[in-house]
Amino acid sequence: MRITLSLGSRWLRWVSLLAMAIALASPGVQAAGKKHQPKKAVAASQAKHTPTKSARAVTAKRKTATTRRSRVRAHVAAAPAVLSVGQKMGLHSASDPLDLASSVALVMDQDTHEVLLSKNDEAVLPIASITKLMTGLLISEAHLPMDTPITITQDDVDTEKHSRSRLVVGATLTRGELLHLALMASENRAAHALGRTYPGGMPMFVERMNAKAQLLGMHDTRYVEPTGLSSQNRSSARDLARLVGVAYHDPLLRELTTSPGYEVEVGSRTLQFNNTNRLVKSPAWDIGLQKTGYISEAGRCLVMQAEIAGRKLIMVFLDSAGKFSRIADAERVRSWVQRSSRLGGPTAASGFASNG
């Protein structure tokens with residue numbers, strides 16, 4: 001009987017211990033235990049899962065930047081497209097066998113003056129930075145010292161289109177460097193500084209631009225400033241073909257307009273500028289002179305002198321609708337001339353002339 005009681009007591013004690021273990025393992029007991037954790041331990045545990053102040057700031061900035069970009073994209077998408085003068089005149093309704101994107105085009109033999117292709121070639125339109133070809137011609141013919149230092153001033157900053165420039169106010173370059181950048185990279189501040197520092201100042205320079213145009217027989221042409229940022233600088237394809245023909249005979253203009261790239265020292269910095277016409281780097285092209293231009297009123301513009309299939313050609317493309325379409329138009333003309341040369345077919349203006 002004593003042994004039985006002893007075993008029963010032990011059994012009861014084991015049952016009690018097992019019950020306590022089960023109770024301690026229950027969620028309620030664990031939660032109660034957490035309430036009594038030291039404050040430092042709780043703070044450390046929370047810190048592992050809570051972003052720091054700087055991390056929250058970075059996240060907020062990223063969200064703000066993303067929201068701002070979204071708003072800008074939405075604004076751009078909602079903004080109405082700016083029509084060029086050529087589009088407003090309905091010039092793009094004119095068709096041509098080469099399906100050119102430019103509403104105005106003229107291709108002619110430089111030596112014989114034979115017109116191979118014409119499309120709205122008498123339309124007078126804004127010419128954008130094609131203006132700089134006349135600017136360069138006047139500077140070159142004036143025989144001014146090319147090593148003269150010229151400082152960019154606030155007067156050279158674009159208040160017409162608010163275009164950007166890496167030539168900061170206070171930067172000093174030589175006249176030769178500014179001419180190179182104006183013709184090759186279509187640098188607006190460079191072109192303006194060239195006109196501003198011309199003997200007699202800007203009014204005299206613009207007067208000379210217009211006088212030169214009249215002298216060359218460019219009777220559809222008018223200039224109001226030397227960069228092309230103003231839509232009031234206007235001309236026709238026929239007038240610009242005359243200008244290209246004259247400019248081609250200036251060795252300096254041929255060299256600078258076809259230069260692939262150019263470096264200049266501005267203070268302690270070396271700036272690399274590249275040609276705005278990628279065709280000058282193409283081995284498929286033999287370009288003697290070129291100039292590009294763009295403002296919204298003018299569309300994409302391009303003038304060139306190039307040798308194709310043994311012929312020296314002058315090409316003018318104005319008011320092209322797409323970013324790369326003026327280049328595509330030039331490629332179409334080159335392929336057409338080469339194909340006609342191989343086949344021995346005619347390349348006459350008849351059948352390729354269209355005035356809309």
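A few comments on the model shown:
- Residue within region 196-215 that is touching a helix residue (DSSP H, G or I) at 6+ places or on another chain (Cβ under 7 Å) and of a type in the set (S, T, N, Q) present: no
- Filtering region 209-223 to residues that are more than 19 Å from L178 (Cα to Cα) and within 30 Å of the chain's Cα centre (by Cα) leaves N210, A213, M218, D220, T221, R222, Y223.
- Taking region 229-261 as the range and being part of a loop (DSSP other than H, G, I, E, B) and either of a type in the set (S, T, N, Q) or more than 24 Å from S118 (Cα to Cα) (or both) as the test, the residues that pass are L229, S230, S231, Q232, N233, S236, D250, T258, S259, P260.
- Members of region 266-300 found to be part of a loop (DSSP other than H, G, I, E, B), free of Cβ contacts under 8 Å to residues at least 60 places away in the same chain and within 13 Å of the chain's Cα centre (by Cα), listed by number: N277
- Qualifying residue in region 132-144 (condition: among the charged types (D, E, K, R), within 25 Å of A105 (Cβ to Cβ), modelled with pLDDT of 95 or more and in contact with a Gly (Cβ under 9 Å, 6 or more places away or on another chain)): yes
- Residues in region 142-153 that are closer than 24 Å to T276 by Cα, surrounded by fewer than 22 Cβ atoms within 10 Å (Cβ to Cβ) and not hydroxyl-bearing (S, T, Y): M146, I150.
- For region 136-147, the set of residues classified as of a type in the set (A, V, I, L, M, F, W, C) and either assigned to a loop (DSSP other than H, G, I, E, B) or in contact with a strand residue (DSSP E or B) (Cβ under 9 Å, 6 or more places away or on another chain) (or both) consists of L144, M146, listed by residue number.
- Where A81 falls short, out of the listed (1) at pLDDT 95 or above; (2) closer than 19 Å to G299 by Cα: (1)
- Top-ranked residue of region 103-135 - restricted to ones that are among the hydroxyl-bearing types (S, T, Y) and assigned to a strand (DSSP E or B), ranked as nearest to the chain's Cα centre (by Cα): S103
- G170 vs. criteria in a loop (DSSP other than H, G, I, E, B), over 21 Å from the mean Cα position of the chain (by Cα) and under 23 Å from L229 (Cα atoms): yes
- Just so you know, in region 157-187 the residues that are in contact (Cβ under 8 Å) with a residue 40 or more places away in the chain and more than 21 Å from N274 (Cα to Cα) include one that is surrounded by the most Cβ atoms within 10 Å (Cβ to Cβ), and it is K161.
- All conditions in (1) more than 26 Å from N275 (Cα to Cα); (2) in contact (Cβ under 8 Å) with a residue 12 or more places away in the chain hold for L137, with the sole exception of (1).
- Residues of region 163-217 that are over 26 Å from E263 (Cβ atoms) and either at pLDDT below 95 or of a type in the set (K, R) (or both): R208, K212.
- Residue identified as within 20 Å of A321 (Cβ to Cβ), modelled with pLDDT of 95 or more, buried (at least 21 other Cβ atoms within 10 Å of the Cβ) and β-branched (V, I, T) among V124, V107: V107
- When S165 is tested against (1) in a helix (DSSP H, G or I); (2) within 30 Å of V82 (Cα to Cα), just one condition goes unmet, and that condition is (1).
- Scanning region 257-270 for residues that are out of contact with any Leu (no Cβ under 6 Å at 6 or more places or on another chain), surrounded by 12 or more Cβ atoms within 10 Å (Cβ to Cβ) and not small (G, A, S) yields T258, Y262, E265, V266.
- Qualifying residue in region 148-157 (condition: of a type in the set (A, V, I, L, M), modelled with pLDDT of 95 or more, under 20 Å from T227 (Cβ atoms) and part of a loop (DSSP other than H, G, I, E, B)): yes
- Of all residues making up region 219-256, the number that are surrounded by 18 or more Cβ atoms within 10 Å (Cβ to Cβ), touching a Ser or Thr at 6+ places or on another chain (Cβ under 8 Å) and among the β-branched types (V, I, T): 2
- Residue ID - surrounded by the most Cβ atoms within 10 Å (Cβ to Cβ), chosen from residues in region 307-323 that are over 21 Å from the mean Cα position of the chain (by Cα) and assigned to a strand (DSSP E or B): M315
- Residue match in region 187-198 (condition: assigned to a loop (DSSP other than H, G, I, E, B) and among the small types (G, A, S)): no
The values are calculated or read from the model by the stated rules, or taken from the named source; none is laboratory data. Since the model is a prediction, treat every value here as computed from it, not as a measurement. We place every Cβ from the backbone using ideal geometry, glycine too, and count neighbours over all the protein chains shown.
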